[in-house]
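Working notes for the structure below.
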């Protein structure tokens, strides 16, 4: 059976990928492009949605901490302007690199990073440029990385842009890093976006674990809400039987397979998926058909 991994991170180098994982890998993967190619070549995973995530707010905070304490207002303003330009360029460079390698390998679909803390006009220009140059279809946001919720004004502007340009938004959902309660990306934090933009296609990833019940409660009221089973295939106590019940309750036409590479091994997660006691139609939808339809893949 064809399998599309709809939640797959790729980093420019091993150092960056390991840093994103907290300094070491639990799977043996650092998350590089070079590690991705053999996975695709083996053929169990036929396509991937490659997600760009860059921690702009933490990078900004780290840079500002290194500034001399005796700066005057004018000096701070100049340094701030210089820093913002560097951060914007870094985000754009990462998105450009991801789009380029995806274009060179037709088995990858890029999901570019969109950040609420970057100037909204600059962020809009970045998104429009990637639409023009690469016909991108997907934006990736990670509010928790910036210690924000998707209710933040900057994210609402990103949702608006996605809604206007018929882009899918994939957002982190649930726990991440030090946020062990998943307070930033719990399901209720997405209600404003879902209500304001009823035609926006929004993927709240990882079943918003551990808030699965709250996510299931949102699903019947918001047909534009999707989810995936990435990360928690490896990093949660959810059983195969429970996964099947969750998929059927949420709606098998709106659940996507994903691994969250490099945090998980996509081939091992795919093998587990194929053991789920779903009927053939349901399994095909989760494994690849939903991704094909949602992301307009060829």
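Rule-based calculations on the coordinates, nothing more; no lab input. Since the structure is predicted, the reported quantities are computational estimates derived from the model, not experimental observations. Heads up, the Cβs are rebuilt from the backbone with ideal geometry, glycines too, and the neighbour counts pull from every protein chain shown.
Using a cutoff of 8 angstrom between alpha carbon atoms and counting only pairs six or more residues apart, the relative contact order for the stretch 187-282 works out to 26 percent. Centre-to-centre separation between the Cα atoms of the stretch 209-270 and those of the stretch 22-89: 26 Å. In percent, rounded to a whole number, the relative contact order of the stretch 40-176 is 28, using alpha-carbon pairs under 8 Å and six or more apart.
Listed peptides 278-285, 152-159, 66-73, 10-17 appear in the order 152-159, 10-17, 278-285, 66-73 once ranked by packing, highest mean of other Cβ atoms within 10 Å at the front.
For the stretch 1-136, the equivalent ellipsoid built from the Cα gyration tensor has semi-axes of 33, 19, 10 Å, listed from largest to smallest.
Which percent, to the nearest 5, of DSSP beta bridges fully inside the stretch 4-294 are antiparallel? Could the numbers behind the result be given before it?
Numbers: 1 of 26 bridges.
Around 5 percent antiparallel, to the nearest 5.
Summarised as an ellipsoid, the chain has semi-axes of 31, 21, 19 Å, derived from the eigenvalues of the Cα gyration tensor scaled by 5 and square-rooted, with the largest first.
Which whole number in µm²/s is D for the stretch 136-236 by Stokes-Einstein, with the Kirkwood Rh taken over Cα pairs at 20 °C and 1.002 mPa s? Working shown, then result.
Values: Rh = 13.3 Å.
The diffusion coefficient I find is 161 µm²/s.
For the stretch 78-143, the C-alpha radius of gyration sits at 1.15 times the compact-globule guess of 2.2 N^0.38 Å, with N the residue count.
What list do you get for 288, 97 if you sort them by fewest beta carbons within 10 Å?
Working: 288 22, 97 16.
Listing 288, 97 from fewest to most nearby Cβ atoms yields 97, 288.
For the chain, a Gaussian network of Cα nodes joined below 10 Å ranks 185, 99, 244 by mean-square fluctuation, and the top entry is 244. Residues 94, 184 in ascending order of nearby Cβ atoms (within 10 Å, fewest first): 94, 184. Computed on the stretch 4-294, with alpha-carbon pairs under 8 angstrom and 6+ residues apart, the relative contact order is 20 percent. A simple packing score, the average count of other Cβ atoms within 10 Å per residue, orders the peptides 168-179, 229-240 as 168-179, 229-240, with the highest score first.
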